[in-house]
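S.K.: Pasting a structure here, questions to come.
The values are calculated or read from the model by the stated rules, or taken from the named source; none is laboratory data. Bear in mind the structure is a predicted one, so any value in this text is a computation, not a measurement. Every residue, glycine as well, gets a Cβ built from its backbone with ideal geometry; the counts of neighbours run over all protein chains shown.
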Amino acid sequence: MIETEVLVVGAGPAGATAALALSEYRIANICLTKYRSPSPTPRAHIFNQRAMEILRHFGLENEAVALEMPQALMAEQVFCTSLAGPEIGRLKAWHNHPRLKAQHDLISPCAIGDLPQDRLEPMLVSAAMKRGTNLMFSTELERFEQDAQGVTAYARNLVTQEPLVIRAKYMIGADGSNSRVAEQLALPMVGKMGLGGSLGIIFRADLARFVAHRPGVMYWMVQPGRGMGGFPVGVLRAVEPWDRWVGTWGFDPSTGPPSLSDAEATAIVHRLVGDSSVAVEIEAISSWSINSMFATRLSAGRVLCVGDAIHRHTPMNGLGSNTSMQDSFNLAWKLALVLRGHAGPGLVATFEDERQPVAQFVVQRAFQSLGILPPLIAALGIDDDRSAGAIDEAIAGLAAPTSEGATRRAAVRHAVDAAVYGFSGLGAETNIVYRSTAVLADAPALSNDDPDLEAIIATEPGRRLAHVWLTCDGVQVSTLDLCARGGFTLFTGLAGAQWATAARTAGEALGVTIAARVVGPGARWEDPYGDFARRCLADETGALLVRPDQHVAWHASSMPQDPQHALQSTLRAILALD
Ligand code: FDA
């Protein structure tokens, strides 16, 4: 029997992030994947700012940026009948519209990018291994048992067929949408799987002449037949500009994915491109289901689930992998502190209170975003007749110099504009506010008029620490860069320097790191733009206590009589020590 502190089942974005964070926090961990390699296909790609902030925290941002397609190349979301055919309309997606771009730049030191999963996963897995994770490829978990002290997992090496028994103090089920761990735990699920079937045809072809003048990451083709989600719409997604692509078309989930020859796959690609003279090299053909399901409970005893195991949804909004990484970032520090004996097991229980509402939200948000397609189809007038003839007629109607043409143009414009909710969601990506015993909040969370599209920049308990630029020796650093890895961070102003002593004493008493950051003129960190005072700490004598996952745990609006006592009793509550 092999022993470890945490067993992570799954090495996708959720599992690899959990393993990376645990290794960073010096917690022994083993990570299993039944596959023989990281994802060989590009699946997830929209890589949002919050996920990039996690990579930045672990020192991987530069590597990720070198592997991704930058935000500017993701800009145009084009609706057309084929790449070579007439265009129906476009919008600026992924926060590239100037109105959203300003907010995008304001809220984070990181930018959104397009980072395909077959580049992200090797990077995460290798970083986790370099920092201490024992990663076992071709090793499948078969079942597990748990008792008051730990979990015993029974696995099998798929190369040698040898059985393997692993004993861990905790187990993380990061085993994806068909999670065996969630199933064995009988986690209650709400929603449905297999609502639609999609084919992903990964291919190489030089399509620069069709797209370089309107660079984007996804091109949506209105074509007859059963496309994505059952709608008469196919998608071409750029993986490497502009010669590696994924073509998406649909199939009936009740009959299962068709087995396509390369010639049949090429024919689909040619139809989406609208030019059969283009040389196409098929790399692989995969299929995926449209799901809409979330768990209402995320754990049982010492086994906790993260990622697609607890939220399964369509790729619309690109929230899956991003959310999965954040699940693990939320969980890993809690496990680390409990395993080191610095926190009570109640801290681990807050994972569920904080992440279950997020699981539910992302599933609902992604499903809602599929709703961008029916209004476009209705505006084109092809609701009842989706034939090639009807689509041609609709396109001709769009150019008609008549009042009917004007009405149709306005309706299509409206439908295309409204589609922004499927391809931009600064609020959906960053407005998460945690409520649990690991956050001391005494007011309801702030809200705004458009919580999906618009981010809220605020520092309130439960919310991620607001990013503002400070300087250190004149060099720009983000407030997020000052957050300790695996420890707490206490921010205060010049007049609050007493907090630094309180942080040291409280940290020593509880055995946890509390890094103090005094911000102001002449201090190590300065606030030359005044944004720290404006957005983070109105009263210089106050303090912000930030958790290892960069969410604010507590806010003291001014200096109390005994700051050390205030801090220590707050931490005891957060760490579930009382
Ligand atoms: P994931 O499924 O990735 O990994 C599961 C892991 O568990 C694998 O390592 C597997 O080997 C392992 N495993 C399973 N059972 C096991 C067992 N019994 N024993 C051992 N190991 C086991 N998301 C996003 O954020 N942005 C995007 O743009 C997109 N786009 C996108 C497009 C398409 C076409 C698809 C299909 C999906 C997306 N997604 C996405 C979603 C994204 O791919 C998905 O949310 C993540 O892969 C989920 O990560 P997990 O780590 O939870 O599971």
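S.K.: Just for segment 416-455: of the residues that are under 26 Å from LEU347 (Cα atoms) and among the hydroxyl-bearing types (Ser, Thr, Tyr), which one is surrounded by the most Cβ atoms within 10 Å (Cβ to Cβ)?
M.R.: TYR434
S.K.: Can you name every residue in segment 238-281 that is part of a strand (DSSP E or B) and more than 22 Å from LEU380 (Cβ to Cβ)?
M.R.: Listed by number, the residues that qualify are ALA238, VAL239, GLU240, ARG244, TRP245, VAL246, PHE251, GLU281.
S.K.: With respect to ALA279, is the statement that it is surrounded by fewer than 17 Cβ atoms within 10 Å (Cβ to Cβ), farther than 30 Å from THR152 by Cα and within 16 Å of the ligand (Cβ to nearest atom) true?
M.R.: no
S.K.: Right, something else. Looking at ALA182, ALA212, ALA208, which is the one that is crowded, with 21+ Cβ neighbours inside 10 Å and over 19 Å from VAL416 (Cα atoms)?
M.R.: After applying the criteria, what remains is ALA182.
S.K.: Hey, another quick one. Which of (1) over 19 Å from the mean Cα position of the chain (by Cα); (2) over 20 Å from LEU331 (Cβ atoms) is the odd one out, the single condition SER108 does not satisfy?
M.R.: (1)
S.K.: Could you please find all residues in segment 282-314 being within 12 Å of the ligand (Cβ to nearest atom) and touching an Asp or Glu at 6+ places or on another chain (Cβ under 7 Å)?
M.R.: Passing the criteria: VAL306, GLY307, ALA309.
S.K.: For segment 464-554, which strands (runs of 3 or more DSSP E) that fit wholly inside it have 3 or more residues that are surrounded by fewer than 24 Cβ atoms within 10 Å (Cβ to Cβ)?
M.R.: 469-472, 475-478, 514-519
S.K.: Among the candidates ARG524, ARG485, ARG572, ARG535, which residue alone is within 29 Å of the chain's Cα centre (by Cα), at pLDDT 95 or above and of a type in the set (Lys, Arg)?
M.R.: Just a single option satisfies the conditions, and that option is ARG485.
S.K.: Okay, next question. Any residue at all in segment 107-115 that's at pLDDT 95 or above, in a strand (DSSP E or B), more than 30 Å from PRO163 (Cβ to Cβ) and away from the ligand (no atom under 16 Å from the Cβ)?
M.R.: Checked against the condition, which is being at pLDDT 95 or above, in a strand (DSSP E or B), more than 30 Å from PRO163 (Cβ to Cβ) and away from the ligand (no atom under 16 Å from the Cβ), segment 107-115 yields no hits at all.
S.K.: Now, a different point. State yes or no: is PHE251 surrounded by 17 or more Cβ atoms within 10 Å (Cβ to Cβ), within 16 Å of the ligand (Cβ to nearest atom) and over 26 Å from THR323 (Cα atoms)?
M.R.: yes
S.K.: Got a number for residues in segment 188-228 being touching a helix residue (DSSP H, G or I) at 6+ places or on another chain (Cβ under 9 Å), aliphatic (A, V, I, L, M) and within 14 Å of the ligand (Cβ to nearest atom)?
M.R.: 6
S.K.: Related question: Only residues that are free of Cβ contacts under 8 Å to residues at least 60 places away in the same chain and under 17 Å from HIS551 (Cα atoms): list them for segment 477-516, please.
M.R.: THR479, LEU482, THR489, PHE491, THR492, THR513, ILE514, ALA515, ALA516 - these are the residues of segment 477-516 that are free of Cβ contacts under 8 Å to residues at least 60 places away in the same chain and under 17 Å from HIS551 (Cα atoms).
S.K.: Additional query: Can you tell me how many residues within segment 135-150 are within 14 Å of the ligand (Cβ to nearest atom) and either in a strand (DSSP E or B) or of a type outside the set (Ser, Thr, Tyr) (or both)?
M.R.: Selection size over segment 135-150: 9.
S.K.: Taking into account only those residues within segment 156-181 that are in contact (Cβ under 8 Å) with a residue 24 or more places away in the chain and among the charged types (D, E, K, R), which is farthest from the ligand (Cβ to nearest atom)?
M.R.: Residue satisfying both the conditions and the ranking: LYS169.
S.K.: Is there any pair linking a residue in segment 29-56 that is farther than 17 Å from ILE112 by Cα to one that is within 9 Å of the ligand (Cβ to nearest atom) and of a type in the set (Phe, Trp, Tyr), with Cβ under 7 Å and at least six apart or on different chains, and which?
M.R.: Correct list of pairs: THR33/PHE137; TYR35/PHE137; ARG36/PHE137; SER37/PHE137.
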